[in-house]
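Q: Right, I'll just put the structure down here and ask away after.
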Amino acid sequence: MGSLRARLVAVLALVALLAVGSLVFAARRLMEDRAEQQARIDFESAKDQLDRSLSLRYEAFRSISDLSYVLPVFRQIAAGTDDAADFGLGSEQGDADRTELLHQNLVDADWSWARQAGSQALVAVADGKGRLLYSTAAPGNVGRSLTRLSAVHQALTADDATPTAGGVHDSGAMVIDGHDPLLFDAGLWPAPGAPGLHVVLVRATMLGGQPKALFVQVVRAKDLLADVALTSRGTHMALVSPAGKHEGDVPRPVAEAVLAGQDHVTRAHMHEGRRWLAYKHLLRDIEGRQTIGQLVIGRDVDTGFAALLAVRNALALAALASLLVAMVAGAVFAQRLAKPVLAIEKAATKVADGDLDVQVQATGPTEIQRLADSFNAMTRGLRERQKLERTFKRYLAPEVVDYLLNNPEAQQGGQRRTLTVMFSDIAGFTHFAETRPPEEVVEILNTYLAELASAISISGGVVDKFIGDNAMGFFGAPIPRADHAARACVAALRQLDALHRIALLDRARHWPKLSVRIGIHTGDMVVGNVGGHQTQDYTVVGDAVNLASRIEGANKVYHTQVLLTDATKAAAQANPSHSFRFREVDLVRVVGKQTPVRLYTLDGLAEDKSAISEDAAQAYALGLSAYRVGAFAEAAVQFHLAASLAPHDGPCGEMARRCEALRRDPPLQWDGVWTLTAK
Amino acid sequence: MVRPLVLVVALLTCACALSLAGIWRARAAGPTGQVAGTVKVTLKGVPKANAAGVVLYLVGFSEPASAAKPQMVMEAKGFVPMVLPVTAGQTVDFPNRDTVFHNVFSASATKPFDLGQYPQGESKSRLFNAPGVVDVYCNIHPQMAATILVLPNRKWAVVGKDGQFTIEGVPPGKWTLYGYSRFADKPVKREIEVHADATVRLDLAIDEVRTETPHMNKFGQPYGKGAYK
């Protein structure tokens, strides 16, 4: 579970599972609620219909009852055993008289409630032979036989022909005298107080017309107590008498469950693996006194809502499918996400192994792309730094590195510029190297060269290269600096300082005292990256560079530590940041050059007290003037004076010795320029 | 008051004439036979000495009613006779000869009526135009009960105490003989064939199952506790 991919897949699968699960749960709840709601609506509708039926029945009974009280004879006639036929005395006239009498009384009764109840409520009264005595639909229609209405027929022919509870009920469809078919709900009950009469209730629903005449044909007739109450399918009914007698097709446990409960409607009751909803309704007799029983309406929800259950199953399938899709999508997404991360990791390993040419192809989210971009920028930076280091092959001051990184064009191509170049050579090292073990030689050399290089860098120069025990540096590039000559001078002084410091340590280590020879020249030279494609040096080339090298070598002649040209002196003095004490040493012609070069030595800064005295310097200057014009004897006097004043100063002694020699053996031609013969 | 009297006399005369004409027509129709026999009455299987209260009648042919006005008299808190056969079309008088008020009503299907209450010496009448069985009660005295048999013809016999009966002048044909008692469940019924100038002889047995006929008052309610007896 550690990998990003696995976690993503797991999280996505979990989310999908949760979403789908809650969806299925919600859908299931919704469907169950809908099913229950529908059942409740049906139950309420059934209850309403029952109540309306009962109310209608009650009103009809009340009408007849009222009639019986107002006209007692009516009740007697209605109830009277019409046994004339038994006595062989039946006659049409007698029947007609009696029917007419009952009819007249019924017509006079109060049926206003039935008219108010609407034309859909047909109320009829029949006599014991099923003959129509009165109907609210067609008051003038008397004597017709109703026995074709199966409820009437059934009531009149049944063995127990005096139903007490609900009478005989019928419903179905019928045709009224050629009019549109109508749905009807017909019931027949014995009229209370007039046992010979039956109340026939017909509640009819007709499309596009009013019930005008009484029915002539029963299209379908069936004992459908259930259909009376509920028109929807899947409904079951049962009548449970107060004594517990159960009649009907609602499973007994379901009926018992709803009857035992407080609510009129059960929650889903499981019976034989099916959920039932059941509703109960208390049935009372017409006066509302006596309990006839409990009507239970049941509904098998699982059957009634099989379609909804199918939808639920489909949803479960869809849930499974979306789970799979989510897992696959998660895997793909994770793969896409992990791929660049893995690529970057691989690239980082390569970088660790030194391969800086690695580039990452970033695809994926923005964050990943930014990571890849950063990685590429990092390797690019590393590459450039490495290239810089390869190019300079030596220590670079941080500010120079920054400058080069920020100004890549500074080292592109070649430029001709006026720069100051400086050679620093460890004097006497060759001899030393021969007498010491190589490990010590390298150690000492590295120590000295590091100090020399450090002095160059600190002063703002670039350490160009090391040539044996020689360190070469230049100033004014790649960062353009106006005071490049002054900086070179400062670097030279720093190198001398560093040498003094090392020399103190050297004594403790029993190392020989080593000195340095520094040559500085300022002039035009070409600067740029020089070399093959693989190894390039950022370096300077030109006569000025060679001259600087020659001047470094001239130190041997004058026993000096620092020599510089008049060009450098002029450039350094043009920049007033430091006040150097330059001392003209000689005018020389170096090997391979015709143009004489005026050489100066650097006696430190003006405030330094360690430099040679003013008197010595003055004597040297006087000697030099005489020397130029060929007055070697006079020059020798002055130089000797200077040498006596500064016994450790190289040029004083050298020039004194040279003038002594020249005085003894004057040259044929003398232009005041000393030609150096060694490089 | 002369004119109504004259009118009544005239009407009676006409009625008599019509009756005579009817009798004549009947006789003119041809020779007749007669039905005679004995009725043995038992009360729940026990022979009764007195067979009175049984009426025998024939059904199957019609005759016009006679002009006679039969009476059902109220006396000693009872109706006399207890069974009165009449022909459809006859009017029956109900004189009160008792010392108390009486009421006459019927809740029968054939002829429902209510004559109201009236005192001694008064009489009311009612026309019975359709055949049937009309039970007659008094709304004051529950023990008063009688039956008027409205018959289609005049061929009936009121059985005497000895149970002997004879019905004369019966037209030849196949008729049904009924024996009726107020206290029997069902009438006794016989199919007979009458031939001219011959006598059909038959013995009947009627089993009475009660001695009185329980009934409701005219309001369809039971007689109250304090009902007069």
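Each reported figure results from applying straightforward, stated rules to the coordinates on display, with no laboratory input. Just so you know, these numbers come straight off a predicted model, no measurement behind them. Note that we place each Cβ from the backbone using ideal geometry, even for glycine, and neighbour counts take in every protein chain shown.
Q: Could you tell me, in Å, what Rg and Dmax come out for the Cα atoms of segment B:65-151?
A: Gyration radius and largest Cα-Cα distance of segment B:65-151: 11.7, 32 Å.
Q: Counting pairs of alpha carbon atoms under 8 Å apart in space and at least six apart in sequence, what relative contact order in percent does segment B:65-151 give?
A: Working: 227 pairs, mean separation 28.6, N = 87.
Once normalised by length, the contact order is 33 percent.
Q: Mind listing the phi-derived Karplus ³J(HN,Hα) values for segment B:187-192, rounded to whole Hz, using 6.51, -1.76 and 1.60 with θ = phi - 60°, and x for any glycine or proline?
A: x, 7, 9, 9, 8, 10
Q: Let me know the charge dipole size of segment A:537-678 about its Cα centre in debye, to the nearest 20, where only the beta-carbon of Lys, Arg (+1) and Asp, Glu (-1) is charged. Show your work: numbers first, answer last.
A: Numbers: 14 positive and 17 negative charges, 62 e Å.
Its charge dipole is roughly 300 debye.
Q: Which of A:S65, B:S106 comes first, and how do the rest follow, when ranked by fewest Cβ neighbours within 10 Å?
A: Working: A:S65 19, B:S106 26.
Neighbour counts put them in this order, fewest first: A:S65, B:S106.
Q: So what's the net charge close to B:F128: Lys and Arg +1, Asp and Glu -1, counting the other residues with Cβ under 14 Å from its Cβ? Walk me through the intermediate numbers first.
A: On the way: positive: A:R98, B:K69, B:K111, B:K124, B:R126, B:R154; negative: A:D97, B:D93, B:D135.
Spelling it out: positives minus negatives among the neighbours equals +3.
Q: Per residue of segment A:20-32, what does 6.51 cos²θ - 1.76 cosθ + 1.60 with θ = phi - 60° give for ³J(HN,Hα)? Whole Hz please, x for Gly and Pro, Karplus curve as stated.
A: Once rounded to whole Hz, the list reads 5, x, 5, 4, 4, 4, 4, 4, 4, 4, 4, 5, 5.
Q: Right, here's the next one. Given 10 °C and 1.306 mPa s, compute D for segment A:397-533 with the Stokes-Einstein relation, Rh being the Kirkwood radius over Cα pairs; round to the nearest whole µm²/s.
A: Numbers: Rh = 15.9 Å.
Result for D is 100 µm²/s.
Q: Can you put A:W111, A:W670 in order of Cβ neighbours within 10 angstrom, beginning with the fewest? Write down the numbers at each step before the final one.
A: Numbers: A:W111 20, A:W670 13.
Exposure proxy ranking, most exposed first: A:W670, A:W111.
Q: For each of A:I458, B:I148, count neighbouring Cβ atoms within 10 Å of the residue's Cβ, then give the residues from fewest to most.
A: Working: A:I458 14, B:I148 27.
The order, fewest Cβ neighbours first, is A:I458, B:I148.
Q: How large is ³J(HN,Hα) for each residue in segment A:645-661, as worked out from phi by the Karplus curve 6.51 cos²θ - 1.76 cosθ + 1.60 (θ = phi - 60°), to whole Hz, x for Gly and Pro?
A: With the stated coefficients, segment A:645-661 comes to 6, 10, x, 8, 7, x, x, 4, x, 4, 5, 4, 5, 4, 5, 4, 5 Hz.
Q: Could I ask something else about it? If you take the beta carbon distance between B:D162 and A:A85 as r and set R0 to 41 Å, what does 1/(1 + (r/R0)^6) give as a FRET efficiency, to the nearest 0.05? Don't skip to the end; give the middle numbers.
A: On the way: r = 31 Å, r/R0 = 0.77.
For R0 = 41 Å, the calculated efficiency reads 0.85.
Q: Taking the Cα centroid of segment A:317-390 and of segment B:43-106, what is the distance between the two, rounded to the nearest whole Å?
A: Value for the Cα centre distance between the two parts: 127 Å.
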